[in-house]
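Scroll down for the structure; my scribbles are underneath it.
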Amino acid sequence: MLDFDEGPAAGTAELRERVRALTARWRDTGRYEPRPDNWMRGFDPEFSAALAAAGLIGLTWPVEYGGAALRNVDRLAVTEELLRAGAPVAAHWMADRQIGPAVLRHGSEELRRELLPDMVAGRAVYCLGMSEPEAGSDLASVRTTATERPDGTFVLRGRKVWTTNAHRATHMYVLARTDPGERKHEGLSEFIIDMDTPGITVSPIPDIAGEHHFNEVLIDDAVVPARRIVGERGRGWSQVVEQLSFERGGPERALSSYILLAGILAGPRAADGSLDVQIGQAVARLAMLRRLAYRVARLMDNGAAPVQEAATLKLLGNTFEQDLVDLARQAHDGPLTADSLVGQALMSMPGFTIRGGAADVMLSLIARQESVA
Ligand SMILES: Cc1cc2nc3c(=O)[nH]c(=O)nc-3n(C[C@H](O)[C@H](O)[C@H](O)COP(=O)(O)OP(=O)(O)OC[C@H]3O[C@@H](n4cnc5c(N)ncnc54)[C@H](O)[C@@H]3O)c2cc1C
């Protein structure tokens, strides 16, 4: 049996209890239904606002920006509990996980004061404008341009794809080229733009199940003030690489479908014991992945951006999740409908090893570390 109160999570019991109480209250009063992959698909600003009111967003951020100045391991305990409960956290997830931390690490004081309070309050919804039709794995090839005007503002022009929840977002993080640069990794800059800026058009891209969470975002001469650059102009590449470790190094890479494992552990075992070994392996693998996630969080607590460790967690976590869905399919009793939890997880599964960076790209990041060790 898995015990989330022990092991790498020591010292987080009170926080875990707060999350458990909140999720139980919402679930038991029918305000959400646990679903696999709800950190991306479960969009409920009211739930995010309730978490914010309980002080559970921006947990690691300094108190002066509305945070609680706790450790990344504390935040990890909170996110584990939210994922285990299959809670609808998509509205604040990107801001809390990576854009807030990126603004804190690199943003100007003015930008921090402008953006962080709304994130902590669960009011701001961020989407990630990184991928483009010709720039996914090869992110440094982005073609979106940001041209400075004499008045100091920037005009952004380009096309972003697979932008999760852009149709619900208040803000978008955009990676764009400000300067030509001799190498493609040079001359990139990071911007935060308001989604109601004239020139932004969002169009849906339905997923395999017909659900709408992906979008294409056309940026057609959108004017952005210079204060909305995150960090240094032209240094966007090194900054985004750091940011991706926050994106990849969280427990959602292993716990998106945890409710399936909980269901298997709580349910009756096959009389012939045919799945017992696989179930035992799943529990052991998850324990290993949790240790790795806590290692990543501790590295973040020491001020590092653990690029390779996060890539390792993502690669192993995604493989685990795929095997878990397969195990749940075998354990499933009765006809498998698209509405069942296993059916929903099967629909999400193709995206596991692609979103946040393809598996082959994670392998190459990890291998590169080996070659310099
Ligand atoms: C569910 C989901 C949500 C997403 N949400 C967002 C979002 O909110 N914002 C955003 O910006 N993007 C988002 N994405 C896009 C995602 O980041 C890209 O799909 C991903 O980075 C891969 O890029 P690509 O689709 O262009 O594939 P490509 O780069 O064309 O790669 C295709 C395949 O080629 C192989 N490959 C490519 N390059 C290499 C290499 N160097 N070495 C070895 N193999 C390689 C890999 O096997 C890869 O799977 C999302 C994707 C999914 C599935």
Next item on the list: Set the Förster radius R0 to 41 Å, insert the Cβ-Cβ distance between ASP151 and ALA367 as r into 1/(1 + (r/R0)^6), and round the FRET efficiency to 0.05.
Entry: 0.30
Check: Relative contact order for region 7-124: what is it in percent, counting Cα pairs under 8 Å that are at least 6 residues apart?
Finding: 34 percent
Checklist line | 1.4 Å probe accessible area per residue over region 249-372, in Å² | finding: 46 Å²
Notebook entry, point to check: What residues from region 145-171 fall in the zone where the backbone N is under 12 Å from a label point 7 Å along the Cα-to-C-beta line of GLU114?
Noted result: 153-154
Next item on the list: Subtracting the Cα-Cα distance from 0.36 nm times the residue separation, let me have the gained length for ARG269 to GLU64 in nm, one decimal.
Entry: 68.7 nm
Next item on the list: Filter the chymotrypsin sites (Phe, Trp or Tyr not before Pro) in region 159-262 down to the DSSP loop ones having no more than 12 other Cβ atoms within 10 Å, then list what survives.
Entry: none
Margin query: With just the Cα atoms defining each centre, how far is region 81-126 from region 43-59? Give it in Å.
Written below: 10 Å
Notebook entry, point to check: What list of ³J(HN,Hα) values in whole Hz, one per residue of region 24-30 in order, does the Karplus curve 6.51 cos²θ - 1.76 cosθ + 1.60 (θ = phi - 60°) give from phi, with Gly and Pro shown as x?
Noted result: 4, 4, 5, 5, 6, 9, x
Next item on the list: For region 127-234, report the accessible area per residue in Å² (1.4 Å probe, heavy atoms, rounded to an integer).
Entry: 45 Å²
Item checked: Per-residue [θ]222 nm for the chain (sum of -39500 (n - 2.57) over DSSP H runs n ≥ 4, rounded to 500) -> -14000 deg cm²/dmol
Checklist line | Point-to-point label distance, ALA54-LYS184, nm (Cα→Cβ direction, 7 Å offset) | finding: 4.4 nm
Note to self: At a threshold of 8 angstrom on Cα-Cα distance, excluding pairs fewer than six apart, so keeping six or more, what relative contact order does the chain reach in percent?
What the structure shows: 16 percent
Next item on the list: Check each of the trypsin sites (Lys or Arg not before Pro) in region 123-174 and keep only those in coil by DSSP with at most 14 other C-beta atoms within 10 angstrom; list them in order.
Entry: ARG143
Margin query: Per-residue counts of other Cβ atoms within 10 Å, averaged by peptide: what ranking do you get for 306-312, 69-75, highest first?
Written below: 306-312, 69-75
Check: Say R0 is 22 Å: what FRET efficiency, to the nearest 0.05, do ASP207 and ASP326 get from their beta-carbon distance?
Finding: 0.65
Notebook entry, point to check: Stretch THR29-SER238 to full length: gain in nm at 0.36 nm per residue minus the Cα-Cα span?
Noted result: 70.7 nm
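The values are calculated or read from the model by the stated rules, or taken from the named source; none is laboratory data. Note that the structure is predicted; figures quoted are calculated from it, not measured. Using ideal geometry, Cβ is built from the backbone for each residue, glycine included, and neighbour counts are taken over all protein chains shown. Ligands, DNA and RNA are stripped out before the accessible areas are found, and what is left, the full protein with its side chains, is counted by its heavy atoms. Shrake-Rupley method; radii C 1.70, N 1.55, O 1.52, S 1.80 Å.
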